[in-house]
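Peer 1: The structure that follows is given in the form of structure tokens.
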Amino acid sequence: MAILPIVTVPDPLLKKISEPVKKVDDKLRAFMDDMLETMYDAPGIGLAAVQVGKLWRILVIDIARDEENPKPMYFVNPEITWTSEELNTYNEGCLSIPEQYAEIERPAECKIKFIDYNGEEQEIHATGLLATCVQHEIDHLNGIVFIDYLSKIKRSMYVRKVKKLVKENE
Ligand code: GNR
Ligand code: NI
């Protein structure tokens, strides 16, 4: 297991489209475990492979609360098959935009088709925080981060703040 470095804005990698995964094998599972460990260490509730430098359509999510048992979820080649009309606003953060938050509106519920840790096809109906998180993560696979939904001026302010923060932590 390993903790991997997390890419931050304005790294051009975060704008790239990730490629579908061909096969879930032990090597890929080891990488997904590294992603999970990196996410827990950060700490965060989700992580897309691009955030640790791999343009592969893979997500890990764990929205269990601190006092609950961990509940890791792995999504390979996830696809949104349905979204609710109803929207929900959440104060989102992102490990690639550290310490910055913004209210983002998204469909309140969605259905996601994906391949699981064992290579089996699954479909889930996500609500609440899971729905928000999985949409945030799938955006990463398509080169989108939450600040892309903000005005140009706000976006550049967030990027400037992250650059400063990263420089201070060097
Ligand atoms: O840790 C994270 N928290 C979070 C809060 C609200 C909406 C989405 C997220 S995902 C984020 C981790 C991350 O950057 N995943 O890509
Ligand atoms: Ni993110």
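Read-outs throughout are calculated quantities, based only on the coordinates presented, and are distinct from any laboratory measurement. Keep in mind that what you see is a predicted model, and the values were worked out from it rather than measured. Here the Cβ positions follow ideal geometry from the backbone for every residue, glycine too, while neighbour counts run over all protein chains shown.
Peer 1: Which one of these is out of contact with any His (no Cβ under 9 Å at 6 or more places or on another chain), assigned to a strand (DSSP E or B), in contact (Cβ under 8 Å) with a residue 40 or more places away in the chain and under 22 Å from Gly143 (Cα atoms): Val76, Val60?
Peer 2: Selected residue: Val76, the only one of Val76, Val60 that is out of contact with any His (no Cβ under 9 Å at 6 or more places or on another chain), assigned to a strand (DSSP E or B), in contact (Cβ under 8 Å) with a residue 40 or more places away in the chain and under 22 Å from Gly143 (Cα atoms).
Peer 1: Across region 127-170, which residue is farthest from Thr89 (Cα to Cα) among those that are within 16 Å of ligand 2 (Cβ to nearest atom) and of a type in the set (Gly, Ala, Ser)?
Peer 2: Per the criteria, the residue is Gly143.
Peer 1: Could you check, for region 97-111, whether at least one of its residues is among the charged types (D, E, K, R) and over 30 Å from Arg160 (Cα atoms)? Talk me through it step by step, then tell me what you get.
Peer 2: Let us first name the residues in region 97-111 that are among the charged types (D, E, K, R), namely 99, 103, 105-106, 109, 111.
With over 30 Å from Arg160 (Cα atoms) added as a condition, the list becomes 109, 111.
Yes, region 97-111 has at least one match.
Peer 1: Pairs, please: C-beta under 9 Å, at least 6 apart or cross-chain, first residue without any contact (Cβ under 8 Å) to a residue 12 or more places away in the chain and under 15 Å from Leu87 (Cβ atoms) and in region 123-151, second part of a strand (DSSP E or B) and of a type in the set (Lys, Arg)?
Peer 2: Matching pairs, first to second residue: none at all.
Peer 1: Tally time: how many residues in region 14-43 are free of Cβ contacts under 8 Å to residues at least 60 places away in the same chain and surrounded by 14 or more Cβ atoms within 10 Å (Cβ to Cβ)?
Peer 2: 11
Peer 1: Condition test on Val50, is it assigned to a loop (DSSP other than H, G, I, E, B) and surrounded by 14 or more Cβ atoms within 10 Å (Cβ to Cβ)? So that I can check it myself, show each step before the final result.
Peer 2: Working: assigned to a loop (DSSP other than H, G, I, E, B): no; surrounded by 14 or more Cβ atoms within 10 Å (Cβ to Cβ): yes.
No.
Peer 1: Asn118 versus (1) over 28 Å from Arg160 (Cα atoms); (2) touching an Asp or Glu at 6+ places or on another chain (Cβ under 7 Å); (3) of a type in the set (S, T, N, Q): which is the lone unmet condition?
Peer 2: Status for Asn118: all satisfied but (2).
Peer 1: Before we move on, is Ile104 outside any strand (DSSP E or B), near ligand 1 (Cβ under 10 Å from one of its atoms) and not small (Gly, Ala, Ser)?
Peer 2: The answer is no for Ile104.
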